[in-house]
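Working notes, beginning with the structure itself.
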Amino acid sequence: MKKIGFWLFIILSISPLIYLKKYDFGYHTPKILFFWFVIIAFALVKSFKYFSTNKISFSLNHIGVCLLTYLTVLIASGFNAQSPSLSFFSTFERMDGIINYIFLIVFYLLLSNEKIEIHDWQRILKFSTAIAIVISVIAIIEFHKDDFVRAKSTFANPLTLAYYLVFHFLLVFSNLINKLTSQSPYKSIEKLVTILILFIIGYGIFTTSARSAIVSLLCGIITLGIYSLAVFKGYRKKILILFGIISGLGITVIVKISSLTSLMSRIGDFSLLDNSSFTRIALWKTVFTFWKDKPFLGWGKEHFVYFFTTHYQNAFHNSDEWYDRSHNFLIDKFLESGILGLVSYCLIISVSILSIFNRKNHLSPIQKGALLAFIVSFISFHFTNFETYSSYIIIFSIFIFITQHSTANQFTIRKNLKIAFSAYIVILIFSGYQLVFKTFQNYKTWNNIKLTTDNIYFVNQYNDLLSQAKIGKYDILLKLGLLRSLIPNNRNLEMVKDDYYKKAESNFKNALKDYPEHPILLSQLGFIQFESGNPEEAIKTYLHLKEIAPYRHTNILDLGTMYMMTKQYDKALAIYDYVLSYDDMYQITYLNKAYCLALIGDKTNAAINLKKLSPKIIIDNQVRYDTVKQLL
C-alpha cells in the first residue's frame, strides 16, 4: 500500500509501449483500455484502504472544482446530443467519449490526494524519460528504414508521438537548467548524457515532420528561457551558453536531415494554401459562421461529424478525412460543449497557471518555470491539433503535480457511509468488467474476424458483437458495411450474400436508433439497400441524407448515380445540375453528367462536359472516362 501513487505513475509510464500492431487502431485503443484498467485497480485498492479507517479525508482545490464543473457541462451536453451513446462511449478509433473523461477526472481526484515525495517524482520522470528515449530510437529507426516516411513509433500517428516527445524534451531541458542553477556539483559526464538524451529525443521529434511540434517546442523553450533569465539572474551566462548548445543541437539535426527533401519541405515550406492549413482554416471559419446553432451546450462530444456534414463547405471536398475533429482543441471544446464548456475548460488552464504562481504553494522556482513551459507548449501544440491519450495523461499529470503542491480545502466523510462505499466497490468491479474486459474482448474478436480471409462468412459473429457492444459499435458496424466490397464477381459468396445483406441492413437500421441520422451510417445503409436489389429504399435513404447534408458532394453524387443506374436519367441530371449550381469547380460532376448524357444519346452535351475535365481528373478516373468516350 505504500507509495501506491508512485507505482501507478510508473505503470502508466509504460503505456506508450503497449500496442497491437496487426489490429485496427492497435496503437491507440489498447493504451486507453490499459489506462482504464489501471485506474479501476487503483480505485479498488484505495477503497479497501478506506474501509480500514474511521474516516475518509480528501482535499479539493480550485483546479479540481474547475475540472468537475467542466465534466458536469460535458455530461449535460452528452445527454442533450443527437446521440448520447456516441457522446459517452465514442468509438474504437478515438476512445474519447465522456466515459474516458470520467476516468481522467477519477485519475486526477485519486492521485491529487496521494502523497508523492519529490524524490519519487524525480524517479517517475526519469523512468518516463527512459521510455521516451526507447520510443525515440524506434521512431528514428522507422524513419530511416521505411524510406523516410513520417515516424509514429508506438503511437497511432506522428502528431501523437510528436507531442509526447516535445513534453519529454522540455522535461529534460528543465532538469538541465535546474542542475546548472543549483549549488550541487554537476559532473561533466552527466551534462554529456543529458545533451545526448536531448539530441535523441529532438531527432525523434523531427522524424514526425510535425510543424506544430516544432512550434510547440520553441514556445516551451522560449518560455522556460525567459523565465530562467528573469529568475536566476546569477546564472544568466550559464543559461545563455546552454541555449547556444541547444541551438547547436537543433542545427545539427537540421543539417543531418537537410538532404531529405520531402521532410524538410513539409517542415519548412509552410503555406496557408497547402491542404493541411487550408482545411483547418476553412473548418474554423465554418465554426465561427455557424456558432449560434447550439451555443450553450454544443453538439455533444464526438459529434463533429454532425456539424461537419450539416454545414459542409465546398472547401472540404478534397479533405473528407477531417470530418471528426476541427484540429483546434479550443474549437473542439466549443463544438462539444458550447460556450459553457469552453469557458469552464479555459478556467481549468487559467486556474492552473495562477496556482503555479500562488505564494502559498510549495513549488520551487524551476518547477514553476517548467510547469509554465509545459502548459504553454500544450496550448501551442493543440492550437492546430486535437487532444489524444498521451496529451490527456500529460496535462492531467501536470494538474496533479500542481495540486499536490498547492493549498486545498479538506473534506471528511465519516465511516457511517460504509454502505455507500460498498456500492462504490460493486460499481468499480462492474465497470471493470463491462468497460475494460468486455470492450477488449469485443475489440479482439472483431480484429481477429477482420484478419480472417473472406470474413463475410462471419456475419453472425458481427451480429453477436453488435448486440453486446457499447464502445466500438460504430467501428464494427462500419466494417460490416464495407464487407459488401467482397461480393461482386465472387461466386463463392453467392450462397451467403442474401443473408449478409439482410443482416447488415437490419443492423444498420438498429444502430441508427443509437446514432440517429448519422450521415456515414446512412450512406452505408443506402449502399447496402441498393446493392441488395432494393434501389427504391436506397434512394429514399439518400434523399433523407441529402436533407441532412445538402451540400456534401460525395453523397449527392452517389444519389445521382443511383438514379442513373435505375434509368431515371432526368432525376440524375437534375442532381448533377444541383451540385454544379453551388460548386462548378467539383469536376467529377461533369464526368458523371457526361456519362448520363451519353446514355440518353445527347452526345453533343456529353462532349461539352468532358472538355471541362482537367488532365488530373481524367487520369484519376481513366476507366470511366474511357467508357464515356466509347459511348460517344
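The values are calculated or read from the model by the stated rules, or taken from the named source; none is laboratory data. Here the structure is a predicted model, which means the values were calculated and not measured. Here the Cβ is made from the backbone with ideal geometry for all residues, glycine too, and neighbour counts use every protein chain on show. Protein only, heavy atoms only, side chains kept; ligands, DNA and RNA dropped before computing areas. Shrake-Rupley method; radii C 1.70, N 1.55, O 1.52, S 1.80 Å.
Quick notes on this one:
- Between VAL134, VAL193, the distinction of being more than 22 Å from TYR27 (Cα to Cα) and open to solvent by 10 Å² or more (accessible area, probe 1.4 Å) belongs to VAL193 only.
- Within the range 237-274, if we keep just the residues that are over 33 Å from the mean Cα position of the chain (by Cα) and closer than 13 Å to PHE199 by Cα, the residue that is modelled with the highest pLDDT turns out to be ILE245.
Here's the yes/no breakdown for (1) buried (at least 20 other Cβ atoms within 10 Å of the Cβ); (2) in contact with a helix residue (DSSP H, G or I) (Cβ under 7 Å, 6 or more places away or on another chain); (3) within 30 Å of ILE281 (Cα to Cα):
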{"site": "ILE331", "(1), (2), (3)": "yes, yes, yes"}
{"site": "LEU335", "(1), (2), (3)": "yes, yes, yes"}
{"site": "ILE339", "(1), (2), (3)": "no, no, yes"}
{"site": "LYS360", "(1), (2), (3)": "no, no, no"}
{"site": "PHE381", "(1), (2), (3)": "yes, yes, yes"}
{"site": "TYR392", "(1), (2), (3)": "no, yes, yes"}
{"site": "ILE395", "(1), (2), (3)": "yes, yes, yes"}
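- Residue list for the range 590-632, restricted to those being of a type in the set (S, T, N, Q), open to solvent by less than 60 Å² (accessible area, probe 1.4 Å), part of a helix (DSSP H, G or I) and modelled with pLDDT under 95: THR627
- Test result for LYS503, within 22 Å of PHE89 (Cβ to Cβ), surrounded by fewer than 20 Cβ atoms within 10 Å (Cβ to Cβ) and either hydrophobic (A, V, I, L, M, F, W, C) or touching a helix residue (DSSP H, G or I) at 6+ places or on another chain (Cβ under 6 Å) (or both): no
- Between SER77, SER90, the distinction of being more than 17 Å from the chain's Cα centre (by Cα), open to solvent by less than 10 Å² (accessible area, probe 1.4 Å) and closer than 30 Å to GLY338 by Cα belongs to SER77 only.
- Single unsatisfied condition, TYR542 versus (1) out of contact with any Pro (no Cβ under 9 Å at 6 or more places or on another chain); (2) surrounded by fewer than 18 Cβ atoms within 10 Å (Cβ to Cβ): (2)
- Selection of the range 150-195 for residues being more than 24 Å from SER212 (Cα to Cα) and of a type in the set (Phe, Trp, Tyr) yields only TYR186.
- Breaking point among (1) crowded, with 17+ Cβ neighbours inside 10 Å; (2) modelled with pLDDT under 95, for LEU559: (2)
- Every residue from the range 464-475 that is in contact with a Phe, Trp or Tyr (Cβ under 7 Å, 6 or more places away or on another chain) and free of Cβ contacts under 8 Å to residues at least 40 places away in the same chain: LEU465
- Residue match in the range 218-236 (condition: modelled with pLDDT under 90, out of contact with any helix residue (DSSP H, G or I) (no Cβ under 9 Å at 6 or more places or on another chain) and open to solvent by 10 Å² or more (accessible area, probe 1.4 Å)): yes
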